[in-house]
Amino acid sequence: MSRIAATFSQLKAQGRQALIPFVTAGFPFADVTPELMHAFVAGGADVIELGVPFSDPSADGPVIQKAGDKALSFGIGLAQVLEMVRVFRTQNQTTPVVLMGYANPVERYNQTHGATKAVAGYADDTRATSPFVRDASAAGVDGMLVVDYPPEECLDFAAELKAHDMDLIFLLAPTSTDARMAQVAKIASGYVYYVSLKGVTGSGALDIDAVSAMLPRIRAHVSVPVGVGFGIRDAATARAIGKVADAVVIGSKIIQLIEPLPRDQVAATAQAFLRDMRTALDS
């Protein structure tokens, strides 16, 4: 069982919802991410999503795009993100870490970090280990959400991750059809991430009733937990979403809170914000 599955199983037994903060790795300071991850945990995070900086994001709104640009200016790429996870794991072996990003950095990493190696016990290439999966597993990554990896193109990648106790997480949207949900359900693991808005991160106002109506449709196809993100900015909204979802994902608001701060205030501010979200979810 993956760390993600174990975490959700424990939360379900407790009658609680997962709190999943997102931050772009390497933002707002190149070296602050492991410290910030520990602050997330201290604030009540159950799973952490780390955004992998990328120059051409398709799902990120202006706030997270700006954060990614700043991280890229510091020289933060996928290799550096994996090192951040390794540093985090020296003190925390239990909190799941999910990398969220795009196909290009993963494909490029595989091109530049050595040949794919066969998994012991398999003579063919169908269960080979790519450099990225090998190194992500070694670093302590628990899941991947690759925005532009469609499910029909991900069977081998999903199997490779599963062989290393990592989960492949997919986005679903208000426009997702039943057929698409069923397709995602065949290979998704860990949880699925329901994008509550038609648009990019940080855009629009969240319609709680629309989310509530959509989740039963998703659960008719998907057996893994359902997290909801995009548009959750305060405790009241987190509490409302927590009544219908298995997890609440918060990203843009955290980025906005920490962006203007001096380095020595970043972790404490994020921790205090998440503590309020955790209290709201548990109330």
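The values are calculated or read from the model by the stated rules, or taken from the named source; none is laboratory data. As the structure is a computational prediction, the values presented were derived from the model and not from experiment. Because the Cβ atoms are built from the backbone with ideal geometry, glycine has one as well, and the counts that use them run over all protein chains shown.
Residues in the range 27-57 that are farther than 19 Å from Q91 by Cα and touching a Gly at 6+ places or on another chain (Cβ under 9 Å): F27, A30, G51, V52, P53, F54, S55, P57.
Mind listing whichever residues of the range 102-126 are in contact with a strand residue (DSSP E or B) (Cβ under 6 Å, 6 or more places away or on another chain) and modelled with pLDDT of 80 or more? Selection gives A103 alone. The requirement of being surrounded by 21 or more Cβ atoms within 10 Å (Cβ to Cβ) and out of contact with any strand residue (DSSP E or B) (no Cβ under 7 Å at 6 or more places or on another chain) is fulfilled nowhere in the range 179-189; no residue meets it. Within the span defined as the range 28-43, one or more residues are out of contact with any Phe, Trp or Tyr (no Cβ under 8 Å at 6 or more places or on another chain), acidic (D, E), surrounded by fewer than 23 Cβ atoms within 10 Å (Cβ to Cβ) and farther than 13 Å from Q271 by Cα.
Filter the range 267-283 down to residues that are farther than 14 Å from A42 by Cβ and not acidic (D, E) and give me whichever is nearest to the chain's Cα centre (by Cα). In this case the residue turns out to be L281. For the condition under 22 Å from L161 (Cβ atoms) and touching a Lys or Arg at 6+ places or on another chain (Cβ under 6 Å), P53 does not qualify.
Within the range 242-276, if we keep just the residues that are of a type in the set (A, V, I, L, M) and touching a Ser or Thr at 6+ places or on another chain (Cβ under 8 Å), the residue that is nearest to S212 (Cα to Cα) turns out to be V244. If you filter the range 94-112 down to residues that are crowded, with 18+ Cβ neighbours inside 10 Å and touching an Asp or Glu at 6+ places or on another chain (Cβ under 6 Å), you find that the one that is nearest to S2 (Cα to Cα) is P96.
Do the conditions hold for T7, that is, is it modelled with pLDDT of 95 or more, crowded, with 18+ Cβ neighbours inside 10 Å, over 21 Å from V226 (Cβ atoms) and of a type in the set (S, T, N, Q)? So T7 does not fit the description; no. The set of residues in the range 174-200 that are assigned to a loop (DSSP other than H, G, I, E, B), among the aliphatic types (A, V, I, L, M) and either in contact with a His (Cβ under 9 Å, 6 or more places away or on another chain) or more than 18 Å from G101 (Cβ to Cβ) (or both) contains only L197. Restricting attention to the range 36-73 and to residues that are of a type in the set (D, E) and part of a loop (DSSP other than H, G, I, E, B), the residue that is nearest to F230 (Cα to Cα) turns out to be D60.
Return the only residue of V211, V266, V248, V222 being surrounded by 14 or more Cβ atoms within 10 Å (Cβ to Cβ) and without any contact (Cβ under 8 Å) to a residue 40 or more places away in the chain.
V211
Restricted to the range 232-283, and to residues there that are over 22 Å from K12 (Cα atoms) and in contact with a Gly (Cβ under 6 Å, 6 or more places away or on another chain), the residue that is modelled with the highest pLDDT is Q271. Considering every residue within the range 250-260, establish whether at least one is farther than 23 Å from P28 by Cα and not in a helix (DSSP H, G or I). Looking for residues that are farther than 23 Å from P28 by Cα and not in a helix (DSSP H, G or I), one finds none in the range 250-260, hence no. Condition first: in contact with a Leu (Cβ under 7 Å, 6 or more places away or on another chain) and part of a helix (DSSP H, G or I). Can you find one or more residues in the range 218-237 that meet it? Yes, the conditions are met somewhere in the range 218-237.
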